[in-house]
1. With the crude spin-label approximation of a point 7 Å out along Cα→Cβ, what separation in nm comes out for residue 34 versus residue 52?
2. Quick query: amide H of residue 162 versus all other amide H atoms, modeled in the peptide plane; which residues come in under 5 Å with a sequence gap of 5 or more or a different chain?
3. Test of understanding: what is the full-extension gain from residue 154 to residue 169, defined as 0.36 nm times their sequence separation minus their Cα-Cα distance?
4. Grab the beta carbon distance between residue 108 and residue 195, set R0 = 35 Å, and tell me the FRET efficiency rounded to 0.05.
5. Strictly greater than 26 Å: what percent of every Cα pair in the range 60-198 meets that?
6. How high is the FRET efficiency from residue 99 to residue 22, r the C-beta distance, R0 22 Å, rounded to 0.05?
7. With a bin width of 10 angstrom, please list the P(r) values of the range 24-110 as percents of all Cα-Cα pairs, from the 0 bin to the one holding the largest distance.
Amino acid sequence: MTDSPILCLGSRALSAPVPKGRGVIGLDVPEVDRWLKGGLRRDGLHEFYAPSGSPPGPAMALALLAGMRNCGQGRSLMWLRARGGRRKDGPHAPGLAELGIDPAALLLLELADPADLLVAGVESLRHGGAGAVVLELRGRCRALDLTASRRLALAAERSGTMALIVRGDARPVPSAAHTRWQVSAAPSRALPANAPGHPVFDLQLLRQRGGAEGLHVQLEWNREQAVFRTPIYGDPPAVPAGRTEDRRARRAA
């Protein structure tokens, strides 16, 4: 494909492909990592859904944090999104820095439509120059069917590059994802002097290929230490699998 949006970026946009280690990226909380058999697969496809009617910001933030942790020293994180007519919700550099994400480490690519975005996603993963690839999709996306997700998963596995899909205004659909999450924001606790608290993510594990589902946990992100931890306030951080609401979530997924 001579007009490939990835090939047109040139050699300066992406690092040369390098061999990547397999394995997992842990989420720092032993109970959660045990549930995930160690963590998120480095060469896997992972999906993050915003709850119906909720903004996708928390899901995007979590995907970016997971992707950055997989990049390592000197590796770029690719963020692919489709152009929108009146969209004004582009990346906000101060907000990224507040999360502990270096905006200079992000490579943002806007595509004409979701179909082009998925093509670019597969090519980015096959290239292997990025540490991780985030694909941002809004609404019902017919182009992201089971076949398309399998292409992404296979490309990620072959190159060892983590693939992360963020879905807003969409219901979970069957896919080849290794894990599928529903992500929303949870209340945070103010720091001393009434300073804004650390962000807290409310996570529900809707699917885990070959593993247990039904995990429901709240994780607090500590930017200074660059770690997740369970809040020491509010509801219990995790619930066992098999509860009625978890079974409904699995059926919906």
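Taken together, the values in this text are just the output of simple stated rules run on the coordinates, not laboratory data. Nothing here was measured: the structure is a model prediction, and the numbers come from that model. With ideal geometry, Cβ positions are generated from the backbone for all residues, glycine too; neighbour counts draw on all protein chains shown.
1. 3.5 nm
2. Close amide H contacts, sequence-distant or interchain: 133.
3. This chain segment gains 2.8 nm when fully extended.
4. 0.70
5. Summing the P(r) of the range 60-198 above 26 Å gives 25 percent of all pairs.
6. Taking R0 as 22 Å, the efficiency between residue 99 and residue 22 is 0.25.
7. Histogramming the range 24-110 at 10 Å steps yields 14, 43, 34, 8, 0 percent.
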